[in-house]
Amino acid sequence: MNASPLVARLTQVKKRIANFARSCERDPVDIQLIAVSKTRPAEEIRIAFEAGQRAFGENYLQEALPKIRELADLPIEWHFIGRIQSNKTRDIAARFHWVHALASAKHARRLSEQRPNELPPLQVCVQVNVSGETSKGGVAPEETGELTRLVATLPRLRLRGLMTMPPAGSNEAEQHRIFGALRKLRDRLNAEEGLEMDSLSMGMSGDMEAAICEDATMVRIGTAIFGPRQ
Ligand SMILES: *Cc1c(COP(=O)(O)O)cnc(C)c1O
């Protein structure tokens, strides 16, 4: 495959992130780019890595495991951003550095129990269903405190922050409302519960500008880097 279009898109995305950050008076170094490589072959991940990208996000364990194996020679930071299923927690705990969409106490306990001892604690964001859509994963805002408190006490997990996604097709005002609500929830839980959440995982190809202006620390970008998925 010809590397240059992919590398050009990656460069363009990094520029856009930096420009959005500056327009909101933020320092671009405070925003980590997670390249979402679901459906894309290991070969393309290698090209992005060679162009300087270190963090990659995958949604489906069965798809991710062979790619992680194939790329084991590279010091990639792997982020599991998909919905968690109970029968997949062992492999998630063993193969990934971060989980973005934790949404149940049961999965939190399993991930902590199954995180191999020789690895550092698994970095965790709790997914919050801010919009209240029934089809959406995540815990309700009013239940988030209970789950974040639990994660903070589990020995093999490290609570890092919150994650959310606005409804598909949201306009910019709606995106700001949802991302802003996640930031306020994070700040309130830190203050009231004595938690130390430093991360907000929010922003995809279509809504990264609003997310960055609402203090995202990690944006999860697929299409804008790798092109449209089939
Ligand atoms: C697919 C996916 C992304 C990336 O979406 P794009 O619109 O392709 O940038 C981000 N986060 C999650 C949870 C996803 O499933």
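The values are calculated or read from the model by the stated rules, or taken from the named source; none is laboratory data. As the structure is a prediction and not an experimental result, all values here were calculated from the model. Methodologically, a virtual Cβ is constructed for each residue, glycine included, from the backbone with ideal geometry; neighbour enumeration extends over all protein chains shown. Side chains included, ligands, DNA and RNA excluded: accessible areas come from the protein's heavy atoms. Shrake-Rupley method; radii C 1.70, N 1.55, O 1.52, S 1.80 Å.
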For this session: State the dimensionless ratio Rg/Rh of region 80-230 (Rg: radius of gyration of Cα atoms; Rh: Kirkwood radius).
Result: 0.96
For this session: Give the residue from N171, V139, P5 lying farthest towards the positive end of the charge dipole for the chain; charges sit on Cβ (+1 for Lys and Arg, -1 for Asp and Glu) and the dipole is referred to the Cα centre.
Result: P5
For this session: Output the relative contact order of the chain, whole-number percent, from Cα pairs under 8 angstrom with separation of 6+ residues.
Result: 20
For this session: Could you pull out which residues in region 205-230 have an amide N less than 11 Å from a spot 7 Å beyond the Cα of E172, following the Cα-Cβ vector?
Result: 209-210
Problem set entry | Calculated from backbone phi, Karplus (6.51, -1.76, 1.60) coupling profile of region 100-117 in Hz, x at Gly/Pro | 9, 10, 5, 9, 8, 5, 4, 5, 4, 5, 5, 4, 5, 5, 9, 5, x, 5
Exercise. Taking the Cα centre of each part, how many Å lie between region 87-122 and region 14-48?
Worked result: 25
Problem set entry | Per residue, in Å², the accessible surface of region 87-160 once ligands and nucleic acids are set aside, probe 1.4 Å | 47
